[in-house]
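Below is one structure; the comments refer to it alone.
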């Protein structure tokens, strides 16, 4: 008789069924998941139906045309840069340090033009900004 010590058998873990189950779960979640297209937003702009507020505060009305030209209280701004706009807005405010700035923008004017007016008002220190709108019919 030959008594040699037996080598223990190596334990082998079979991962094939585990991979199959994970693969089936992956396919299930891919098929059952719904994806929303969030890049396509449907936006309806609000209409203004409020009343005109009467105020004794000095008003600086900045009008923006569809071509991006500015007028301040009816006076056209020669340059469309922010420094010229700030100078004209300061002159229109007179001695009032905090007038109400009313932005009247054409519906086809660019967003950049509106942002330029808002930035000019902020740099001057005018914090009361309002937008004019047309009442719905």
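The values are calculated or read from the model by the stated rules, or taken from the named source; none is laboratory data. Note that the coordinates shown come from a computational prediction; the quantities given were computed from them, not determined experimentally. Positions of Cβ are backbone-derived with ideal geometry, glycine not excepted, and every protein chain shown enters the neighbour counts.
Could you please tell me which pairs satisfy a Cβ distance under 7 Å, a separation of 6+ or placement on different chains, a first residue in the range 72-90 that is touching a residue at least 40 places away in the same chain (Cβ under 8 Å) and at negative phi, and a second residue that is surrounded by 13 or more Cβ atoms within 10 Å (Cβ to Cβ) and part of a helix (DSSP H, G or I)?
If the second residue must be surrounded by 13 or more Cβ atoms within 10 Å (Cβ to Cβ) and part of a helix (DSSP H, G or I), the pairs left are 82/116; 82/119; 82/120.
Against the condition under 28 Å from residue 136 (Cβ atoms), over 23 Å from the mean Cα position of the chain (by Cα) and either at pLDDT 85 or above or surrounded by 13 or more Cβ atoms within 10 Å (Cβ to Cβ) (or both), how does residue 100 come out, does it pass?
Yes; evaluated as a whole, the condition is true for this residue.
Can you find even one residue in the range 106-115 that is modelled with pLDDT under 90, outside any loop (DSSP other than H, G, I, E, B) and either under 12 Å from residue 59 (Cα atoms) or in contact with a helix residue (DSSP H, G or I) (Cβ under 8 Å, 6 or more places away or on another chain) (or both)?
Within the range 106-115, none of the residues are modelled with pLDDT under 90, outside any loop (DSSP other than H, G, I, E, B) and either under 12 Å from residue 59 (Cα atoms) or in contact with a helix residue (DSSP H, G or I) (Cβ under 8 Å, 6 or more places away or on another chain) (or both).
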